[in-house]
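J.: Mind having a look at this structure? Questions to follow.
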Amino acid sequence: MPEGPELHLSSLFINDSVKGLIFSGEIHKSDVSKNPTIKWDVPFYTITAESRGKEMKLWLEEYTPKEGTQAMPPQKISILFRFGMSGCFKLSSVDEIPKHSHLRFFTAKNNADTIQVLNFVDFRRFGKWEVNVDWGSDRGPCPITDYENFRHNIVNNLENPAFKNKAICEVLLNQKYFNGIGNYLRAEILFRSKIAPFDDAYNVLCDWKHAAFYPIKTENGAAPSNQDPLYLCHAICSEVLKLSGGYDVETGLKENGSFEKWLQCYQNPHMKSLTDRNKRTIWFDGEPGPLVPNDSNIRRPKTKRRIVENVVEKSVTGVKARKRNVVTESTELQASSRIPTRRSPRFAHVLELKGEQTL
């Protein structure tokens, strides 16, 4: 599932991709989508994006050429997106619209340029959008763009039952306080904090209630390692933004990719794993803590992208042997890999279909 960094990267991708583009015409919704149809009756408009945790807004603003006169302020609407399990944005030509595109914004016709389409793509169809609504009232400030208010919101509400007698790994997924934090982020945050995943959330967070918002640099200018879980919510998200892309829901972890190399705990086969009360897997090192559910199960990492087997075949002489990589990929990946579209950063390295290779 896309987490805070992935939505933030998507907003940056949109702002970079559509900069200078003018959109026009009807906004198309796919026939299978149950989300609302968007009525936007203006000749031309521009698009910008911003994110807040696990939500992202598109702003559509009426565009008037410089030579024209405009007596009234430009019309403006917002579309609030929640990406669900597999939502993302892609920019394509009008002839290469992705198969699972459920909302499409078309650029204006221009004799010099090909019509381009900004697509909201969601092959699992859990993504949602709403028109002209505020950010979700059940979601707190963003740890990436509004870290200080994010921290205040948690510290000032520690007496709330949401933090009492709850495992810290489960509380980290409560979007009312930890907006944008998901499964891989919570594993990395707790691992670096050296906090057991099933320790009591209230006790853990009270220890950091009066800590400095940011690490205090030493005399030589270097910041010491910080185990403050609230600060790490911000710092680790910021680290993901500096990578080539975050977690890719279409291909899983990229082999030898910068994101996979960056991970220290999540889906690491050398780490331990258990399921929490919501049956979500948490990865950790050391002891799990006292609040482990009675029905918690151990889970092992699954490679969604491909399964590589080493097959040794003897030659006719019986002396030489060769190894062959047999690659098995999911049907959904095969379909998505053929789409020649510009993708947001977290989808920048989609696996090419190579069939069977001989080493």
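J.: Determine, yes or no, whether LYS304 is at pLDDT below 95, under 16 Å from ASN183 (Cβ atoms), surrounded by 12 or more Cβ atoms within 10 Å (Cβ to Cβ) and touching a strand residue (DSSP E or B) at 6+ places or on another chain (Cβ under 8 Å).
T.: yes
J.: Also, I was wondering about something else. With LYS66, LYS54 as the choices, which residue is over 18 Å from LEU91 (Cβ atoms), of a type in the set (Lys, Arg), touching a strand residue (DSSP E or B) at 6+ places or on another chain (Cβ under 8 Å) and in the same structural domain as GLY127 (by TED's automatic domain parsing)?
T.: None of the other options fit; the residue is LYS54.
J.: Inside the range 234-258, can you point out the residues that are modelled with pLDDT of 90 or more and in contact with a Gly (Cβ under 8 Å, 6 or more places away or on another chain)?
T.: Filtering the range 234-258 down to residues modelled with pLDDT of 90 or more leaves 234-242.
Once the filter is applied, which keeps residues that are modelled with pLDDT of 90 or more and in contact with a Gly (Cβ under 8 Å, 6 or more places away or on another chain), the range 234-258 yields CYS237, VAL240.
J.: Regarding ASP122, is this residue open to solvent by 20 Å² or more (accessible area, probe 1.4 Å) and without any contact (Cβ under 8 Å) to a residue 40 or more places away in the chain?
T.: When the stated conditions are applied, ASP122 does not pass them.
J.: Filter the range 82-115 for residues that are surrounded by 21 or more Cβ atoms within 10 Å (Cβ to Cβ) and over 28 Å from GLU3 (Cβ atoms) and give the result.
T.: Within the range 82-115, THR107 is the sole residue that qualifies.
J.: Inside the range 130-215, counting only helices (runs of 4 or more DSSP H) that do not spill past its ends, which hold 1 or more residues that are open to solvent by 10 Å² or more (accessible area, probe 1.4 Å) and of a type in the set (Val, Ile, Thr)?
T.: Of the helices (runs of 4 or more DSSP H) lying wholly inside the range 130-215, those with at least 1 residues that are open to solvent by 10 Å² or more (accessible area, probe 1.4 Å) and of a type in the set (Val, Ile, Thr) span 147-155, 201-206.
The values are calculated or read from the model by the stated rules, or taken from the named source; none is laboratory data. For clarity, every value in this text was computed on a predicted model and none was experimentally measured. Cβ coordinates were reconstructed from backbone atoms using ideal geometry, including for glycine residues, and neighbour counts include every protein chain displayed. Areas reflect the complete protein model, heavy atoms only, side chains present, ligands, DNA and RNA absent. Shrake-Rupley method; radii C 1.70, N 1.55, O 1.52, S 1.80 Å.
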